[in-house]
Structure formats: structure tokens, C-alpha cells
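Below is one structure; the comments refer to it alone.
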Amino acid sequence: MFSSLALVLSVFLVISPNASAAPNGLEPIPAAGQSIPLIRKSQPERTVADWEAWAKNEREALIVKYGGTVAKRSTGTNLMTNQDADSSYFGSVAIGTPPVSFDVILDTGSADLWVADQACTLGCSKVQLFDDLSSSTFHNLSQSFQIQYGSGAAAGTLGQDVVQMAGFSVPNQIFGAVTQVSSGLLNSPVSGLLGLGWQTIASSGATPFWQTLASSGTWTNPLMAFQLTRFINGSNVSPTEPGGSFTMGYVNSSLYTGNIDYQSLATTPSYWILPMQSLTVQGTTVSIPSGSSSYSAIDTGTTLVGGPSTYISQIYAQISGSQPGTGSWQGYWTYPCSTNVNIAISFGGPSWPVSPADFRLTQISTSQCIGAFFELNTGGSAPSWIVGDTFLKNVYSVFRYNPAAVGFAALSSTALAMNGVNAPAPTATIGSVAASATASGGSGSNAASPRWGVPWAPLVGGISIAVGAAWM
């Protein structure tokens, strides 16, 4: 039985969690009946990081204690391939059970996933084809699918199956199994396209793969990021070269320097739209009006930069010797190859320069080159400017789900060293799944989804150019 003194001391110790006995092993132990002086230890001040770690551990410990499960968030990387000297960039997805890998264009300017189906009868030669009969988890939705691009279209039916990418899985992803593709829309080894825009512009009505993962909390951070390589100014360039990286759930800090400048989307999420606030050419500012006239879609599926004729002509007015193109080059401009064009764009934060190598699309004579900024008069609800890879190769770009924004940062020396590197292009692989999320909503639509609403010839001067994921 406790003595009254022991009981008092035990109560005192219980209600004084930060108190400790002053005597230690080096001092004599007090005799029975003596009082024990108690001294409060000073506590180091906790940092925000300390509190963050404590809160996380406390929550997870209680979840486990009371029989719950701790949701593990994850990150993933998909190595990309640079196709035809910066014409397009593709990664790989795996579809079905067992999974089969497909090379797909990674396109922030659209929102549907589609691949060529084994039943394809037009425009699908020499590419990997999806065989629904070989997948035990495929479900035919018996709905037609069609998406219209500026230079062609793809059509087929909607299906539902397991889709994997970079360690993530959506078991019920809706996608298009395409049976007809306009000539030249698919260039081997590319079998289709992965739309990374918002559900509001999806022709199928389905929730995009990325949006399911971001909205479910599956990613460590609700964002995805790109680093694109440059080979347009290289020599002996192969049809496929290392293309950089696409990350989901995190930003790769080794690929950029300084801070990421985030700018909120200018409209309700649909395309990734930012307002173009300033544009300088050869040190002279081109006046861009505010409002919808400045709206710019940040589009990894477009090779170049397209904008209203009025402002494109003002850009070339600052380049001595430039002239509007004619014939097949109508809508483009020529300029002396001896001129290094310095152009920079701001979307509300820093002004981001475009390399003269990226501004030079190609050389068409001994002295004349074609510029990578071209006239594009969009229709309907499409934004006035389409800002593609000509710009995006010069920045580390981040597409954030919540709060919705696009961010840019300067490329690091590590990223810049990948431009023109002598290395093999990555191959499509199927990795293990670290995290999955179930798609919700989206029952499909029979309506075709137009892209930028401008017609183009299949080829311009023999150069393959992607405009809104379509090749001209």
C-alpha cells in the first residue's frame, strides 16, 4: 500500500509532465522522509517543421491505434522522348490486364486519352495497337468517340480499363479506342495521346487520368511538371532522342534554380490559360491588350507559338529584314538567318527569354529562316494565344491542380546539359503500381471536340509540326 507521501508525489509527477527530480546518479539518494526538490527543465522552442512532423506522427499513430489505414501519397516520373527534333514529346502509359505499354503524346492542351485500336482501318500502320480481347478488365462502353484537331481527327469507341503510368493506376479510366485516324496524325512509335487538360474540355466527358490522381490526394503534391529537351539546333539528330522528364506529385528540384513563379489561371479551369502581360522583341515591347485578348493556353502538345496576326506582325516588325511567308508558308514569317532573335514573354511574373535557337524553326534558303512564332486566329472559346514547346523548352513548367495555376522556373545546369545529349531515347516500360485512385463521373459524349479551330495543310515545307497535338 502506498504511503501518503508516495501518493502525493505520484500525483504531483502525473500533473507535472515536464518536471524531473534534481538528484542524479552522482548525488546521494535522499533518506526516507526527506523532501525531494523538483526543478522544471527548460524546453527548446519547437520549429514549424517540428510541429509538422509531430502532427503527422500523432495523426498516423491514432489512425493505426483505432484500426484505420494511413493513406500513402506518392510521386512518379515518366521519362519522355523527343520526336523529330522537338516536333513533339511523348511518354508511355500501360493499359489493360495484363498491362501493355503504349507511347502517347503528353498534351496539356486537351483532356482525352486515346490509343489506336486493333480494329483500326485508317492511319494506324506501324504503331502499337490496343487489343481489347487480350485484356481481362476491359469494358466496352458502346459509345462513339471523336476528337477533331486542326489538321485531322480521330474516331472510334469509348472503353474503360486499368491505366497505369509512373507507378500510378486508375482502374476504371475511360479512353478512346480509335479505329480511324487522319493520315499523318500518328507518327511511329506513337500510338495515341494522353490529355493533361481539365475535364471541362474532354470530348469523352471522362475525368482525365491526371485529374483523378490529383483530386483524390494520391499525389504527394497536387501538381505535375515538365522539363523538355532541345535538339532542333543539333547535328545528326535521330528521329527519337531523350526528351526530358514528366513528374507527377512533385517537382524535381535538380532541374530548376530559384523559385517557381506561380500564376493563377485566368479563367475557370479548362485549358491551362494564363494572361500574356508583356512580350519583348530585340529589346522593344510589343503591346498586348489585357483581358481575353491576352489569354494564352500553355500547351505541351503544340510545337510552336501561335497568336493573332496583328501582334505576330508587330513581333516581326522589330526584326530587320523579316517578311511574311507565301504559298505553303503563309501565316509564317521569314527573317535573315544571320539575325539572332531575342524574345521574352511574361505572364505576370518574371520575363522568360526564348532561346534564338528555338525561335529559328528552320532554314529555307542560304540566307532566310522561318520563325517559330506564327499567325493563328482561333475560333469559338479557344484562347487567342497558344504557347507551345518553343517557349516551354526554356523553362521548368509546373501545372498545379489546387490552387489552379501554372508555374515557371529557370532551368538548372543539370537540365540544360540534357539538350543535345548523346544518349539513347527511353523505351516504354511497365513498372509496379505504388498508388491508385478510382475515377468518378464522366459517361461519355458523342460530340466531336474541336481543337483551336484552324485548318492547316498536312505538311508545311516537309516539317512535322504539332499544333494542339495534331501534325501539320
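Key figures for this structure:
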{"quantity": "Percentage relative contact order, segment 343-430, counting C-alpha pairs under 8 Å, at least six apart", "calculated": "16 percent"}
{"quantity": "Order by protection proxy (mean Cβ within 10 Å, highest first), peptides 94-104, 139-149", "calculated": "94-104, 139-149"}
{"quantity": "Spin-label pair Ala55/Thr310, simplified geometry with 7 Å Cα→Cβ offset, distance in nm", "calculated": "4.9 nm"}
{"quantity": "Full-stretch length increase - Ala119, Thr77 - with 0.36 nm per residue and alpha-carbon distance subtracted", "calculated": "12.0 nm"}
{"quantity": "Solvent accessible area, Å² - Leu228, 1.4 Å probe, full protein context", "calculated": "10 Å²"}
{"quantity": "Highest average packing first - 277-283, 115-121, Cβ atoms within 10 Å", "calculated": "115-121, 277-283"}
{"quantity": "Peptides 163-174, 178-189 ordered by average Cβ neighbours within 10 Å, highest first", "calculated": "163-174, 178-189"}
{"quantity": "Segment 256-348, relative contact order in percent, only Cα pairs under 8 angstrom and at least six apart counted", "calculated": "33 percent"}
{"quantity": "Residues Ile364 and Leu416, FRET efficiency given R0 of 30 Å [Cβ-Cβ distance, rounded to 0.05]", "calculated": "0.60"}
{"quantity": "Relative contact order for segment 156-195, counting Cα pairs under 8 Å that sit 6 or more residues apart, in percent", "calculated": "35 percent"}
{"quantity": "Listed residues Lys393, Lys126 arranged by accessible area, highest first, probe 1.4 Å", "calculated": "Lys126, Lys393"}
{"quantity": "Distance between modelled label sites at Ala317 and Ser235, nm, 7 Å Cα→Cβ extension", "calculated": "4.0 nm"}
{"quantity": "Net lengthening on full extension, Thr220/Thr267 (0.36 nm per residue, minus Cα-Cα)", "calculated": "14.4 nm"}
{"quantity": "Cβ-Cβ FRET estimate between Ser287 and Ser136, R0 fixed at 60 Å, reported to 0.05", "calculated": "0.50"}
{"quantity": "Spin-label model distance (nm) - Gln330 vs Ile430, 7 Å beyond Cα toward Cβ", "calculated": "4.9 nm"}
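The values are calculated or read from the model by the stated rules, or taken from the named source; none is laboratory data. Since we're looking at a predicted model, the values are computed, not measured. All Cβ positions, glycine included, derive from the backbone under ideal geometry; neighbour counts span all protein chains shown. Keep in mind that these areas ignore ligands, DNA and RNA; they rest on the heavy atoms of the full protein, side chains included. Shrake-Rupley method; radii C 1.70, N 1.55, O 1.52, S 1.80 Å.
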